[in-house]
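A short write-up of the structure that comes next.
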Amino acid sequence: MPQSVSAARCRVRRFLGAGHPASDEVVLLVSEVVTNSVVHSTSCGGGEVAMTVAAGPGTVVVEVSDAGSGASAPHVRNDPEAESGRGMFLVDLLASRWGIRDDGRGGRRTVWFEIDF
């Protein structure tokens, strides 16, 4: 659901608070990763997409979990002519670290990233 992306952005902004040094980068990457879950995973039909955010001294960690897709995991695509599909390119560019975890039993997939500041 597209409104899930907007809600995720709002929750992150509220959680981090005004003036947080990593807010812009975290909000942008949350938008990209939640959009991937809503559009490309099995969760797209109204299934659950869950997000956790933790902020510590010098870093923000975000995890977005969905129902998985059975297809290939999200990957970095840098096609300058593409009108879409560059979300993971942005994650790779802006995040200090990122990765993907698959839960083999439940089929859930988690994309996580860290932003250092």
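Take the residues of the stretch 64-111 that are at pLDDT below 85 and among the basic types (Lys, Arg): which is surrounded by the most Cβ atoms within 10 Å (Cβ to Cβ)?
The qualifying residue surrounded by the most Cβ atoms within 10 Å (Cβ to Cβ) is 86.
Sort out which residues of the stretch 1-60 are without any contact (Cβ under 8 Å) to a residue 12 or more places away in the chain and assigned to a helix (DSSP H, G or I), and write them in order of number.
3, 6, 7, 10, 14, 23, 24, 39, 44, 45
The values are calculated or read from the model by the stated rules, or taken from the named source; none is laboratory data. This one's a predicted model, so the numbers in the text were calculated from it and none came from an experiment. Here Cβ is always computed from backbone atoms with ideal geometry, including for glycine, and neighbour counts include all displayed protein chains.
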